[in-house]
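The values are calculated or read from the model by the stated rules, or taken from the named source; none is laboratory data. Because the structure is predicted, anything quoted here is derived from the model rather than measured. Here Cβ is always computed from backbone atoms with ideal geometry, including for glycine, and neighbour counts include all displayed protein chains. We work out accessible area using only protein heavy atoms, side chains counted, and drop any ligands, DNA or RNA first. Shrake-Rupley method; radii C 1.70, N 1.55, O 1.52, S 1.80 Å.
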Amino acid sequence: MQIAGLIALSDPPRTDSASLVAQLRMLGVRTVMVTGDAPTTAAVVARAVGLEGTVCQPGPIPERVHPEDFAVFAGVLPEDKYHLVETFQKDGHTVGMCGDGANDAPALRQAQMGIAVSTATDVAKSAAGIVLTQPGLGGIVASVKEGRVTFQRILTYTLNSITKKVVQVLFLAIGLIMTGYAILTPILMVIIMITGDFLGMSLTTDNVRPSRLPNAWRIGRLTMAGVFMGIAELIFCTTILTIGKFGMGFEIGVLRTLAFVVIVFGHQATTYSIRERRRLWSSRPSMWVIASSIADILIATTLAACGILMMPLPISVVTVTLAAAVVFALVVDTAKSLVFGRLGIV
């Protein structure tokens, strides 16, 4: 027999794989390649996509293995993929698994973020939590960013809720002690809840930047941040109420209107500060947030100035209270940046 020629066979990685690994690295996500290929082949592919590190030789997956130990796991059997995901999770990691074959299904199901590519088998797609609908791997980065955007919106909503609960409960107590009467009537409390809900619901449409690093729920720190913002707004509201009672001599009916106005304006100030982890002017609010904010201010101003469902309050007092709320927003935002930084809320 004589050699007639040679045919070279190659199964190169996708052209977008290297950029995907680089983008995930910038987002703080460590990428590990798990393959059934031989170690030599796996090492070549890993270098082509920008994965640098040790190659785990074929055999049983070590019981105590960390993502930092190896960049590549070669000669891995289907059941070992599942055990590897489970091992990383036991170490406290949130694991994403990308696969396309039926043998990847157990690992896709076990991972918190199972991703099946567009060409995956039906079994893999059924086991995954996310199915890419377009060729390529760009959807993985988009999924990570979208998840972080959603996390930030939930975080803003939670902080906003804690802040408002602290203010409303304590301000009612302080108003009762200061005046001897309930500082808010039931109808005023209903109006405050309605106007607050307008702004709160609009936050779901707000412009949000995904965080640069993975997020995690730290309930204790989150509660401390919300209580801090609530105490700050409580001080602002109490100061305005004190000026109205002792400085301007308002009677209880007018004081109730003033309390209504200062709570609405104070909520506006803290909401704009909370929605941004850095300074409140770092990003532009969405149009729905701006529209809801304007509507809340107009509703509160009109009701208070015209004396609808409450005693009338001079428009000059309403205007000065609004200006004071703007100053308060700038002051509390400066303190918030320092507190949020210390608590690691980013």
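Can you spot a residue in the stretch 315-325 that is open to solvent by 50 Å² or more (accessible area, probe 1.4 Å), assigned to a loop (DSSP other than H, G, I, E, B) and either under 30 Å from Ser211 (Cβ atoms) or in contact (Cβ under 8 Å) with a residue 12 or more places away in the chain (or both)? No, there is no match, as no residue in the stretch 315-325 is open to solvent by 50 Å² or more (accessible area, probe 1.4 Å), assigned to a loop (DSSP other than H, G, I, E, B) and either under 30 Å from Ser211 (Cβ atoms) or in contact (Cβ under 8 Å) with a residue 12 or more places away in the chain (or both).
Being at pLDDT 90 or above and touching a strand residue (DSSP E or B) at 6+ places or on another chain (Cβ under 6 Å): is that true of Ile115 here? Taking the combined requirement at face value, the residue satisfies it.
Residues in the stretch 1-26 that are more than 16 Å from Val144 (Cβ to Cβ), of a type in the set (A, V, I, L, M, F, W, C) and touching a helix residue (DSSP H, G or I) at 6+ places or on another chain (Cβ under 8 Å): Ala18 alone. For the stretch 14-59, a residue qualifies if it is more than 35 Å from the chain's Cα centre (by Cα), under 20 Å from Ala111 (Cβ atoms) and in a loop (DSSP other than H, G, I, E, B), and exactly one does: Gly36. The residues of the stretch 128-140 include none that are in a helix (DSSP H, G or I) and modelled with pLDDT of 90 or more.
For Asp100, the criteria (1) of a type in the set (D, E, K, R); (2) under 16 Å from Leu137 (Cα atoms); (3) in contact with a strand residue (DSSP E or B) (Cβ under 8 Å, 6 or more places away or on another chain); (4) open to solvent by less than 70 Å² (accessible area, probe 1.4 Å) hold in every case but one, which is (4).
Does Val76 satisfy the condition of being surrounded by 15 or more Cβ atoms within 10 Å (Cβ to Cβ) and at pLDDT 90 or above? Answer is no for this residue.
Close Cβ contacts (under 7 Å, 6 or more residues apart or on different chains) running from residues in the stretch 157-186 that are charged (D, E, K, R) to residues that are at pLDDT below 90 comprise Lys164/Gly196. Here Leu6 meets the list (1) modelled with pLDDT of 90 or more; (2) in contact with a His (Cβ under 9 Å, 6 or more places away or on another chain); (3) surrounded by fewer than 17 Cβ atoms within 10 Å (Cβ to Cβ) almost entirely, failing just condition (2). Taking the criterion of being outside any helix (DSSP H, G or I), of a type in the set (D, E, K, R) and at pLDDT 90 or above, the only residue of the stretch 277-304 that qualifies is Arg284. The residues on offer are Glu251, Glu233, and the sole one that is open to solvent by 20 Å² or more (accessible area, probe 1.4 Å) and acidic (Asp, Glu) is Glu251. Selection of the stretch 52-100 for residues being of a type in the set (Phe, Trp, Tyr) and touching a helix residue (DSSP H, G or I) at 6+ places or on another chain (Cβ under 6 Å) yields only Tyr82. Scanning the stretch 94-127 for residues that are assigned to a loop (DSSP other than H, G, I, E, B), without any contact (Cβ under 8 Å) to a residue 24 or more places away in the chain and aliphatic (A, V, I, L, M) returns Val95, Val117, Ala120. Looking for something open to solvent by less than 30 Å² (accessible area, probe 1.4 Å) and more than 29 Å from the chain's Cα centre (by Cα) - is there at least one such residue anywhere in the stretch 80-87? Among the residues of the stretch 80-87, at least one is open to solvent by less than 30 Å² (accessible area, probe 1.4 Å) and more than 29 Å from the chain's Cα centre (by Cα), which makes the answer yes. Quick check, is Thr150 within 30 Å of Ser17 (Cβ to Cβ) and either without any contact (Cβ under 8 Å) to a residue 12 or more places away in the chain or in contact with a helix residue (DSSP H, G or I) (Cβ under 7 Å, 6 or more places away or on another chain) (or both)? Yes; evaluated as a whole, the condition is true for this residue.
You will find that of Val95, Val123, Val49, Val44, the residue that is over 22 Å from Arg25 (Cα atoms) and either out of contact with any Asp or Glu (no Cβ under 8 Å at 6 or more places or on another chain) or modelled with pLDDT of 90 or more (or both) is Val123 and no other. Filtering the stretch 165-192 to residues that are open to solvent by less than 20 Å² (accessible area, probe 1.4 Å) and among the aromatic types (Phe, Trp, Tyr) leaves only Phe171.
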